[in-house]
Amino acid sequence: MIKLTNILKEIAYSFSEYDTTYDEEDNSLIDVEYIFKTEKNTYKVIFSSKERAREFEVSFGIDAGDFNKIDTFQMTGKGDARNILQTIAKITNEFYYQYEEEIDKIIIKGTDEKRSRIYKQFLPKYLNPEVKEKTEIK
């Protein structure tokens with residue numbers, strides 16, 4: 001028997017690609033930013049190749065504006081964490097399928113030990129199998 005209340009609580013927010021950056025020299029993918037809104041906040045999810053091309057680190061949190069860093073420490077509102085994590089997983093799936101040829105690995109790191117445990121517990125549930133294979137959650 002499926003609990004209807006659990007299904008209703010797990011609803012991803014709609015999202016859109018916000019910005020994409022390519023290297024001017026070799027046209028390799030550097031960053032891709034997505035944005036989504038909840039009732040209380042606007043969130044940004046950023047896939048960044050940093051030092052190694054083809055390996056993308058994921059950072060996400062409350063959008064603090066175009067010229068400010070995202071707030072990764074105040075990520076969720078009470079009772080909304082699962083929906084936000086489901087949205088982040090769906091964005092990760094979308095990113096993978098859109099840029100698959102440029103991705104060897106996607107790395108998701110928690111900002112602390114507790115968040116790492118939560119990410120490891122919940123995000124794999126919402127990642128598609130081929131995306132899960134390419135994703136490392138630390």
Determine whether the stretch 95-112 contains at least one residue that is open to solvent by 40 Å² or more (accessible area, probe 1.4 Å) and either over 27 Å from Tyr22 (Cα atoms) or modelled with pLDDT under 90 (or both). yes
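Residues are listed down the side, and each one gets a yes or a no for (1) in contact with a Phe, Trp or Tyr (Cβ under 9 Å, 6 or more places away or on another chain); (2) surrounded by 13 or more Cβ atoms within 10 Å (Cβ to Cβ); (3) among the acidic types (Asp, Glu):
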site	(1), (2), (3)
Leu29	yes, yes, no
Tyr43	yes, yes, no
Gly65	no, no, no
Lys69	no, no, no
Pro124	no, yes, no
Does Phe56 fit the bill of being open to solvent by 40 Å² or more (accessible area, probe 1.4 Å), closer than 13 Å to Ile91 by Cβ and not β-branched (Val, Ile, Thr)? no
Looking at (1) surrounded by 16 or more Cβ atoms within 10 Å (Cβ to Cβ); (2) closer than 27 Å to Glu130 by Cα; (3) modelled with pLDDT under 90; (4) of a type outside the set (Gly, Ala, Ser), which one does Glu51 not meet, given that it meets all the others? (1)
Report every pair of residues separated by at least 6 positions or lying on different chains whose Cβ atoms are under 6 Å apart, first residue within the stretch 107-130 and more than 16 Å from Val58 (Cα to Cα), second assigned to a helix (DSSP H, G or I). Asn128/Asn93
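The values are calculated or read from the model by the stated rules, or taken from the named source; none is laboratory data. Not measured: the values here are computed from a predicted model. Glycine gets a Cβ as well: all are built from the backbone with ideal geometry, and neighbour counts include every protein chain shown. All accessible areas refer to the heavy atoms of the entire protein, side chains included, with ligands and DNA or RNA removed. Shrake-Rupley method; radii C 1.70, N 1.55, O 1.52, S 1.80 Å.
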